[in-house]
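Quick notes on the structure that follows.
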Amino acid sequence: MNGPGISYQEQDGSGTRGWTRQLADLYGVAFAGPPWRETHADVLRFLRRFAWQSTVPTFRCILAVADDELLGACYGYSLTGPFPPDEPFYQQLLTQIDAGLIDRHLRGTYEIAELMVHPDAQRHGVGTTLLTDMLTNCRQAWLCVHRDSHARRLYERAGFRHLAPLTAARNQPLDLMTWTAAT
């Protein structure tokens, strides 16, 4: 599936917002199964997050597209100031993770906010290509992943290392992971 029929397109926030409907559909199918089991309400929360995330000046997205169909997406950004106070995820980070770890490993570091691949395109190199392209020109990055997710192995192979456990909404066990580029 990771072949000549797939194009990888880099977009800024404005360009990515043109794919909002397709991103919502992809999010819904990519995270419908275990361990996430995302619901329609979760897709609506994703859309709310994406609406502000895509306005962050450092926002960048890589899209995997074949025959005008969105097969995958990976996006992220770097927040240099305080975490948004009205975003529950960041408030969970602030209450569960040591402030020193946050300052040393997260603030001002590139956050991989989402990596999603359509189930039919999974295990064909699409996620690896999206992540590799996203990490190009990054010195450091971080992300959170469900402990039982198959994507965890993808991140470990890419060089991400466990930093701390985190409990997300609905008591989902996450791992906060960080990555540093080889020097």
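The values are calculated or read from the model by the stated rules, or taken from the named source; none is laboratory data. Worth saying up front: this structure is predicted, and the values here are computed from it rather than measured. Cβ placement follows ideal geometry from the backbone for every residue including glycine, while neighbour counts extend to all protein chains displayed.
Please find, within segment 149-174, the residue that is modelled with the lowest pLDDT out of those that are in a loop (DSSP other than H, G, I, E, B) and more than 19 Å from D42 (Cα to Cα).
H150
With the requirement that a residue be part of a loop (DSSP other than H, G, I, E, B) and hydrophobic (A, V, I, L, M, F, W, C), what does segment 29-43 give you?
F31, A32, W36
Assuming A41 fulfils every condition listed in (1) within 24 Å of M177 (Cα to Cα); (2) more than 15 Å from the chain's Cα centre (by Cα) apart from one, which condition is it?
(1)
Regarding segment 110-119, can at least one residue be identified that is among the β-branched types (V, I, T), closer than 18 Å to A181 by Cβ and not in a loop (DSSP other than H, G, I, E, B)?
Yes; the residues of segment 110-119 include at least one that is among the β-branched types (V, I, T), closer than 18 Å to A181 by Cβ and not in a loop (DSSP other than H, G, I, E, B).
Among M177, M134, which is modelled with pLDDT of 95 or more, touching a helix residue (DSSP H, G or I) at 6+ places or on another chain (Cβ under 6 Å) and surrounded by 17 or more Cβ atoms within 10 Å (Cβ to Cβ)?
Criteria check complete, one pass: M177.
Here is a list of conditions, (1) surrounded by 15 or more Cβ atoms within 10 Å (Cβ to Cβ); (2) in contact with a strand residue (DSSP E or B) (Cβ under 8 Å, 6 or more places away or on another chain), and E38 meets all of them except one; can you say which number that is?
(2) is the only condition that E38 fails.
Kindly list, by first and then second residue, each pair from a residue in segment 54-81 that is farther than 12 Å from Q11 by Cα to a residue that is among the hydroxyl-bearing types (S, T, Y) and outside any loop (DSSP other than H, G, I, E, B), limited to pairs with Cβ atoms under 6 Å and residues at least 6 apart or on different chains.
From segment 54-81, the pairs are V56/Y77; V65/S7; S78/Y110.
Can you tell me which residues in segment 10-35 are crowded, with 18+ Cβ neighbours inside 10 Å and touching a Ser or Thr at 6+ places or on another chain (Cβ under 8 Å)?
Correct list: G13, T16, L23.
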